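The values are calculated or read from the model by the stated rules, or taken from the named source; none is laboratory data. Here the structure is a predicted model, which means the values were calculated and not measured. Quick reminder, even Gly has a Cβ in these numbers, built from the backbone with ideal geometry, and neighbours come from all protein chains shown.
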2 protein chains.
Amino acid sequence: MEPTSTPTLALAHFAALHAIARTPGTPTAAALAEARRAFLNSFGCLLGGADDPAVDLLWSALRPHAGAPAARLFGRSVRTDALTAALVNGYSSNILDFDDTHLATVIHPGPACLSAVLAIAEALPDGAPEATGPRLLDAFLVGMEVACRLGVAIGPGHYARGWHITGTCGALGAAAATGRLLGLDPVRMAHAFGIAATSASGLGEMMGGMSKSYTIARAGREGLNAALIAATGFTSSLRVLEAPRGFAAVFADGLDESALVGGLGERWEAALDTYKPYPCGIVLHPLIDACLQVAAASSATPAAIERVEVKVHPLVMVLTGRTDPKDGLESKLSFSHACAVALADREAGVDQFTDARATDPAIAALRTRIHPVVDDSLGTDQSAVALTLSDGRRFEARIEHATGSVENPMTDAALDAKFIALATRTIGAANARALCTMCRDIDGLDDPRPMFALAAGS
Amino acid sequence: MEPTSTPTLALAHFAALHAIARTPGTPTAAALAEARRAFLNSFGCLLGGADDPAVDLLWSALRPHAGAPAARLFGRSVRTDALTAALVNGYSSNILDFDDTHLATVIHPGPACLSAVLAIAEALPDGAPEATGPRLLDAFLVGMEVACRLGVAIGPGHYARGWHITGTCGALGAAAATGRLLGLDPVRMAHAFGIAATSASGLGEMMGGMSKSYTIARAGREGLNAALIAATGFTSSLRVLEAPRGFAAVFADGLDESALVGGLGERWEAALDTYKPYPCGIVLHPLIDACLQVAAASSATPAAIERVEVKVHPLVMVLTGRTDPKDGLESKLSFSHACAVALADREAGVDQFTDARATDPAIAALRTRIHPVVDDSLGTDQSAVALTLSDGRRFEARIEHATGSVENPMTDAALDAKFIALATRTIGAANARALCTMCRDIDGLDDPRPMFALAAGS
């Protein structure tokens, strides 16, 4: 069989062997630049979420069964086996709902790929290629690309059916990333895709609860698991993506082969990754931008706010229609909570989406004064807000492209600030700043061990 | 919320708390009797498959990352953590394709439930209920019941879409079995179902290869993993089965609630479990019965066989239509191989479906003289065979109900003999006989540790 004669083998060949050239001005260089930003963003989210109580629960369940210390739980000063580390670090990476988004598919490609890559890089078996900084970055980029291309190739029907696409496609992305780092040849890489595909899962029903991040964390663990198993010569299928009872047919309604493998290495889906300025559902971001604008312009106290009219894209009400969130997790999917905290606190950071803020009586009261109007003419990155105060004054704002959208991306400086704020929560400000610099210079990192040590807070 | 007000909670309540009475003559007593047979059958398959080369590969991949020795890999004299043991033992249980079948759903309920139950029973955390023999049996029965009911409730469209139903429904069955053994209350059990559901997977494309048994093994591991995580108070969803983006809607086309929870504890799907007399695709069994009959009647050598006409149910050609299997695994899904070895060897045991037998020139030649005719009027447990010898003699056989079907079940004596033959392969005849007796008397087993020791070959 030709090495690239089927979609599965073509993608496996790319993941295993495609040379990621550093030539400036090329699409690959642009993709690498975005991968560096995604790496930093995911790492920050991981460190910022590492002390979440849900991480404690997950780790307490797995610790008695975990293997010898080989990879760190970052931000926690603990080592465990690589598979458990991929799972727990992946969980931490998503729990704040602050991670990256490939907007065309709504995949969060970073958490599973980063957690799996870091875990196996630290615990690499004898005989595997050395995990230099550039190799880590290449593996991370390839993993994100596989996840995002697969998401595009199986079409919107997959997500619409109720799959959590980051869980499903993410498992294959993590297999690609870790398989590359382990030095799998294309055939073994294809088998790793098969093992990951028959392990892939993720239900939309988990959204808004503790198990949503678990669904994403699993993707990293299952991808790494698949790569490790395939590395032994264990086999699955060389056509798992396109077979009649394979991934695309069973999880979706078919495979767009040209979306999957057309222009591999020239056109990069991973280059379209975006980052959240606010740790909540991404469709809320234009609304928060607008609320922060009118809050600043009016300087109003919550008690002085009589009525807030918000115009939103229809998806806002579908995905984040909750008006009475019971806890911090639910508040991340509540349009009225997002508006209320942005207006009251004039911020929308991690501290605005906590259990305490979700149950605060003043915030709850303000939530009842937010009145949504669905407007089909708005894009998902647009919104309009009209604030009326009890003294009759009125303030308006309209957002054309939310902060963090493809048209209005977060700047490098804003991403650095986000990373440092998140990482400081668990490893302290000095480590956070040093790690930020190291991640920015990852191409020059011959030995990643100092990076792991910094991220453990030591 | 009422404890049984939704399908998910009703099933969780049953799994966690339903008292399994031993009253003779009741449906529950009949289900328990079948569970004892299924337990023995699955344990035998586990021990018979434990030395398969694919198990070596899987274990070599996982060993470097596995946890402290707490549960045995049966038939291998090795201990590992409970999650890895559930996976590797589950793999061994299915690799011979010799396990049980719930015919209405084509689920193999035994392997994942048994492997997960045995692994956590041996490694039970402090504070969990004691794992007596009756408790093991109850947990195993409840797990099988949950898997089979769920399979019935999501309908044949799930399998038809390409899902490997043992992998998907099996994860929830294993969660039920291990959750019961861990003493989960109904709410935590429901959360365990949720975690297992968002981890469930299994592609039909894996059939006929090394990863098919991996798909089944995963079900046990993911079910146990879900129960362990839910035991900490980690939450998912209390309506994962019926929610719009829950298990039935996403993996299938809806949920038949009465099939799922109607008559729980009175009507038992697990009581309809069946066992294979031959280690290959179950649709081949009536064909093998018929070939063994004509082989015995004719006493013909393979060279003397001129032509074999076989009438089969349409599914035989769909599922087992291979005529040129390359290895032992493929030979298990080849109607012509099954006929050829039954005619040539007058047996159809583990030794007839090996790489050596699949590539034997005399068997390959005989396979070309098997001529199938699809007959819509036949049931899946029926067949007809007409053997013509080169001297002109002709022998015919017709099977109304294959050995191992619901109407023609394997006898207890035949199951014992199957168990002893399989177990002897890895733990020796004396241990095999002692373990058979112990499994038969599991209700009287206060302490399961002697059972674990025997199954390790010590």
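Inspect all residues belonging to segment A:396-406 and state whether any of them is of a type in the set (A, V, I, L, M) and assigned to a helix (DSSP H, G or I). No, that holds for no residue.
Put simply, of B:T403, B:T359 the only residue that is closer than 22 Å to B:D52 by Cβ and either touching a strand residue (DSSP E or B) at 6+ places or on another chain (Cβ under 6 Å) or of a type in the set (S, T, Y) (or both) is B:T359.
What are the residues in segment A:368-395 that are surrounded by 13 or more Cβ atoms within 10 Å (Cβ to Cβ), within 20 Å of A:K332 (Cβ to Cβ) and at pLDDT 95 or above, if any? Result: A:I370, A:P372, A:S383, A:V385.
Among all positions in segment B:203-214, there is no residue which is touching a residue at least 24 places away in the same chain (Cβ under 8 Å) and closer than 11 Å to B:G170 by Cα. Of all residues in segment B:233-269, those satisfying the criterion of being aliphatic (A, V, I, L, M), outside any loop (DSSP other than H, G, I, E, B) and touching a Lys or Arg at 6+ places or on another chain (Cβ under 9 Å) are B:A249, B:V250, B:A259, B:L260, B:V261. Residues considered: A:E222, A:E257, A:E242, A:E269. Of these, the only one that is within 18 Å of the chain's Cα centre (by Cα), more than 8 Å from every other protein chain (Cβ to nearest Cβ), farther than 16 Å from B:A200 by Cβ and touching a residue at least 12 places away in the same chain (Cβ under 8 Å) is A:E269.
Restricted to segment B:181-194, and to residues that are more than 13 Å from B:N225 (Cβ to Cβ) and not in a helix (DSSP H, G or I), which residue is nearest to the other protein chains (Cβ to nearest Cβ)? Ranking the candidates gives B:L184 first.
Does B:L415 satisfy being surrounded by 14 or more Cβ atoms within 10 Å (Cβ to Cβ) and either hydroxyl-bearing (S, T, Y) or outside the structural domain of B:T320 (by TED's automatic domain parsing) (or both)? Yes, satisfied. The residue list A:G202, A:G179 contains one member that is within 21 Å of the chain's Cα centre (by Cα), surrounded by 24 or more Cβ atoms within 10 Å (Cβ to Cβ) and on the phi > 0 side of the Ramachandran plot, which is A:G202. The set of residues in segment B:143-166 being within 15 Å of the chain's Cα centre (by Cα) and assigned to a helix (DSSP H, G or I) consists of B:G143, B:M144, B:E145, B:V146, B:A147, B:C148, B:G151, B:I165, B:T166.
For A:S236, the conditions (1) surrounded by 24 or more Cβ atoms within 10 Å (Cβ to Cβ); (2) over 21 Å from the mean Cα position of the chain (by Cα); (3) farther than 23 Å from B:G204 by Cβ are fulfilled apart from (3).
Checking each residue in segment A:124-156 for being within 14 Å of chain B (Cβ to nearest Cβ) and at pLDDT below 95 picks out A:L124, A:P125, A:D126, A:G127, A:A128. Scan segment B:278-321 residue by residue and report those that are surrounded by fewer than 19 Cβ atoms within 10 Å (Cβ to Cβ) and of a type outside the set (A, V, I, L, M, F, W, C). Scanning segment B:278-321 gives B:Q293, B:S298, B:S299, B:T301, B:P302, B:E306, B:R307, B:E309, B:P314, B:G321. Looking across segment B:195-209, the residues that are out of contact with any Phe, Trp or Tyr (no Cβ under 6 Å at 6 or more places or on another chain) and either part of a helix (DSSP H, G or I) or outside the structural domain of B:G167 (by TED's automatic domain parsing) (or both) come down to B:I195, B:A196, B:G204, B:E205, B:M206.
State whether the residues of segment A:357-367 include one that is part of a strand (DSSP E or B), surrounded by 21 or more Cβ atoms within 10 Å (Cβ to Cβ), in contact (Cβ under 8 Å) with a residue 60 or more places away in the chain and of a type in the set (A, V, I, L, M). No: zero hits. Of all residues in segment A:205-219, those being buried (at least 24 other Cβ atoms within 10 Å of the Cβ) and more than 7 Å from chain B (Cβ to nearest Cβ) number 5. Of all the numbered requirements in (1) in contact with a Pro (Cβ under 8 Å, 6 or more places away or on another chain); (2) within 22 Å of B:F98 (Cα to Cα); (3) not aromatic (F, W, Y), B:D443 misses one, and that requirement is (2). For residues in segment B:245-254 being more than 9 Å from every other protein chain (Cβ to nearest Cβ) and small (G, A, S), which is nearest to B:L9 (Cα to Cα)? That would be B:A248.
Restricting A:A290, A:A300, A:A296, A:A304 to those that are within 30 Å of A:G392 (Cβ to Cβ) and modelled with pLDDT under 95 reduces the list to A:A300. Considered as a group, the residues in segment B:57-105 that are in contact with a strand residue (DSSP E or B) (Cβ under 9 Å, 6 or more places away or on another chain) and of a type in the set (K, R) include one that is farthest from the other protein chains (Cβ to nearest Cβ), and that residue is B:R72. Scanning segment A:157-168 for residues that are within 10 Å of another protein chain (Cβ to nearest Cβ) and either surrounded by 24 or more Cβ atoms within 10 Å (Cβ to Cβ) or in contact with a strand residue (DSSP E or B) (Cβ under 6 Å, 6 or more places away or on another chain) (or both) gives A:W163, A:H164, A:G167, A:T168.
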